[in-house]
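S.K.: Quick one: this structure, given as structure tokens, is what I'll be asking you about.
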Amino acid sequence: FEKPLSLSGLNSSMMVKVFLAQTLNTGFVVTLVNYYAPKAIRVLSTPLPFGQLIFRGDYDDFVRSWYSVVGAALLVNLCINSFTPAFTNLASMAYQSLKRRFKKTKKKHQAQLLELYTNAHFDISARYAQLLTTVYCTMIYSPGLPLLNLFAALYCGIMYWSDKLVLLRGSHRPPAYDAQMPLQASASMLYSIVLHCIFALGMYGQSCTFPSKAVGGHLADMSAQVQTAGYQEVDEDPDKHGLFEKIYLWISGRIFLEATWMFAVMLIIFACMYVMWTILWLVGNSVGELFVPLILRCCSRSLPHRSDEDGPILTWEQVMPHIERTNPPASYRLDRSRGFKSFSQNLHPECQEKREETSSVADPEDPEVILPRDAMELLPGAVPIDDELDGEVGHSDPSNRHAGHEDAGGSK
């Protein structure tokens, strides 16, 4: 129903949706089930589907027991996620190879054989979605679970080599995608920094799990005022304060600690950057489109102009030596191709002696030397040397080539 304009746009849309679903399932379901939310959130979540199962857990903060229950479950999920996708892809490729080996003789039609030997599609949107899920889950919970960084590194390394093998050996040739997916994925990763800072404030600011002193100076006075207002970390009634009051006390009591003030500063900086980024994006797509033609109209003389006709005009004779030096060969002939070098002697057996004489005079690998057959290719309408040897007359008519070849064979 979105009606994307390109295949890259379709895969980008699928990437975002699969990423959100996987991240919610991998990183947030366990946390939400075990989280004891404020009373206002519990009331609002009651009419929702499965609302009775979330926000009614045993933990309203990152206490020590949270790491032994929720943290352990997250570690197990992400550890399995580091190996499962790669092994699944490799197992699928191995199964396809075994299937071809044992079922190739049972197919009765050419179409069935083509279907059997056609590789599977390389789902690049699923790969990007899995990568984003790993990045987000690692960035969110790594302040209190640093082992997740190791799992993320293992995932990237294993997926790189497995996807390389699957793409080159066991996948159908993908279409020509543009840069929309990698650009969107890299831009989406930037938002994980804000979540990393928020969860770092929550984990490192918990005085029972990570004891920390308050910073000195004016920030220490502000922290003392918050503590005297009735905010306590341990043995507190979860419903003692309202939602907004609890949020204020939670933020004010944790951003003025020696272990968390750096994350607070980083959070403020990146939040301001995201706000400016969003404003510029909105202005650029609305008001900015109005100013572009006005600027081009008023300042057209001062803007630099460049045309393709301004560049130098190169001929094939000038370019061919450069191609031979940098990326040989500069020819479409099979006998000049490295992949067909071992079969070149069987292409025209009657011309082998002539080619040996030519190669003894000029080295075909020398980029500075233009062989006669390459020189003939440069002239429009010219007849290659091998065709001259095939017959003495009738080169323009394909039917006369065989006659000339028979004459040459008879003369021998």
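The values are calculated or read from the model by the stated rules, or taken from the named source; none is laboratory data. Since this is a predicted model, take the numbers as computed values, not measurements. Here the Cβ positions follow ideal geometry from the backbone for every residue, glycine too, while neighbour counts run over all protein chains shown. Calculation scope for accessible area: heavy atoms of the full protein, side chains included, ligands and nucleic acids excluded. Shrake-Rupley method; radii C 1.70, N 1.55, O 1.52, S 1.80 Å.
S.K.: Could you list all residues from region 21-31 that are of a type in the set (A, V, I, L, M, F, W, C) and open to solvent by 50 Å² or more (accessible area, probe 1.4 Å)? Talk me through it step by step, then tell me what you get.
M.R.: Keep residues of region 21-31 that are of a type in the set (A, V, I, L, M, F, W, C), which gives 21, 24, 28-30.
Scanning region 21-31 gives ALA21, LEU24, PHE28, VAL29.
S.K.: Of the residues that sit in region 199-235 and are in a loop (DSSP other than H, G, I, E, B) and modelled with pLDDT under 55, which one is surrounded by the most Cβ atoms within 10 Å (Cβ to Cβ)?
M.R.: The qualifying residue surrounded by the most Cβ atoms within 10 Å (Cβ to Cβ) is TYR231.
S.K.: Could you list, in sequence order, the residues of region 129-149 that are of a type outside the set (A, V, I, L, M, F, W, C) and crowded, with 16+ Cβ neighbours inside 10 Å?
M.R.: Start the filter on region 129-149 by keeping residues that are of a type outside the set (A, V, I, L, M, F, W, C), which leaves 130, 133-134, 136, 138, 141-144, 146, 149.
Result: GLN130, THR133, THR134, TYR136, THR138, TYR141, SER142, PRO143, GLY144.
S.K.: Same structure again: Can you tell me which residues in region 15-51 are in contact (Cβ under 8 Å) with a residue 40 or more places away in the chain and either touching a Gly at 6+ places or on another chain (Cβ under 8 Å) or in a strand (DSSP E or B) (or both)?
M.R.: Selection gives TYR36, PRO38, ALA40.
S.K.: If I go through region 101-119 residue by residue, how many of them are of a type in the set (S, T, N, Q) and surrounded by 10 or more Cβ atoms within 10 Å (Cβ to Cβ)? Give the derivation first.
M.R.: So in region 101-119, the residues of a type in the set (S, T, N, Q) come out as 105, 110, 112, 118-119.
Subsequent filtering for residues that are surrounded by 10 or more Cβ atoms within 10 Å (Cβ to Cβ) retains 112, 118-119.
Final tally of qualifying residues: 3.
S.K.: Still on this structure, I have one more. Just for region 178-198: of the residues that are touching a helix residue (DSSP H, G or I) at 6+ places or on another chain (Cβ under 6 Å) and open to solvent by 40 Å² or more (accessible area, probe 1.4 Å), which one is farthest from GLY253 (Cα to Cα)?
M.R.: The qualifying residue farthest from GLY253 (Cα to Cα) is ASP178.
S.K.: Name the residues in region 1-20 that are open to solvent by 50 Å² or more (accessible area, probe 1.4 Å) and within 17 Å of the chain's Cα centre (by Cα), would you?
M.R.: LEU7, LEU10, MET14, LYS17, VAL18, LEU20
Let's see how each residue does on (1) touching a helix residue (DSSP H, G or I) at 6+ places or on another chain (Cβ under 8 Å); (2) in a helix (DSSP H, G or I); (3) surrounded by fewer than 17 Cβ atoms within 10 Å (Cβ to Cβ):
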position: ARG127; (1), (2), (3): yes, yes, no
position: PHE151; (1), (2), (3): yes, yes, no
position: TYR160; (1), (2), (3): no, yes, yes
position: ALA176; (1), (2), (3): no, no, yes
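S.K.: On to the next question. Scan region 52-92 residue by residue and report those that are assigned to a loop (DSSP other than H, G, I, E, B) and over 29 Å from GLY205 (Cβ atoms).
M.R.: So in region 52-92, the residues assigned to a loop (DSSP other than H, G, I, E, B) come out as 52-55, 57-58, 60-63.
The one that is assigned to a loop (DSSP other than H, G, I, E, B) and over 29 Å from GLY205 (Cβ atoms): GLN52.
S.K.: Kindly indicate which of THR118, THR105 is among the hydroxyl-bearing types (Ser, Thr, Tyr) and outside any loop (DSSP other than H, G, I, E, B).
M.R.: Details: THR118 fails: outside any loop (DSSP other than H, G, I, E, B).
None of the other options fit; the residue is THR105.
The rows are residues; the columns are (1) under 29 Å from PRO182 (Cα atoms); (2) of a type in the set (D, E, K, R); (3) over 20 Å from the mean Cα position of the chain (by Cα).
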site: GLN22; (1), (2), (3): yes, no, no
site: THR31; (1), (2), (3): no, no, yes
site: PRO47; (1), (2), (3): no, no, yes
site: PHE50; (1), (2), (3): no, no, yes
site: ARG56; (1), (2), (3): no, yes, yes
site: TYR67; (1), (2), (3): no, no, yes
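S.K.: With the requirement that a residue be open to solvent by 60 Å² or more (accessible area, probe 1.4 Å) and within 13 Å of the chain's Cα centre (by Cα), what does region 162-174 give you?
M.R.: Just the residues of region 162-174 that are open to solvent by 60 Å² or more (accessible area, probe 1.4 Å), to begin with: 164-165, 167-169, 172-173.
Across region 162-174, the qualifying residue is only LYS164.
S.K.: Can you name the residue in region 236-277 that is among the aromatic types (Phe, Trp, Tyr) and either closer than 21 Å to GLY144 by Cβ or surrounded by fewer than 15 Cβ atoms within 10 Å (Cβ to Cβ) (or both) and is also modelled with the lowest pLDDT among such residues? Steps first, answer last, please.
M.R.: Residues of region 236-277 that are among the aromatic types (Phe, Trp, Tyr), as a first pass: 244, 248, 250, 256, 261, 263, 270, 274, 277.
Pick out the ones that are also either closer than 21 Å to GLY144 by Cβ or surrounded by fewer than 15 Cβ atoms within 10 Å (Cβ to Cβ) (or both) and you get 244, 250, 256, 261, 263, 270, 274, 277.
Working: PHE244: 72, TRP250: 78, PHE256: 81, TRP261: 89, PHE263: 92, PHE270: 91, TYR274: 89, TRP277: 86.
Within region 236-277, the match that is modelled with the lowest pLDDT is PHE244.
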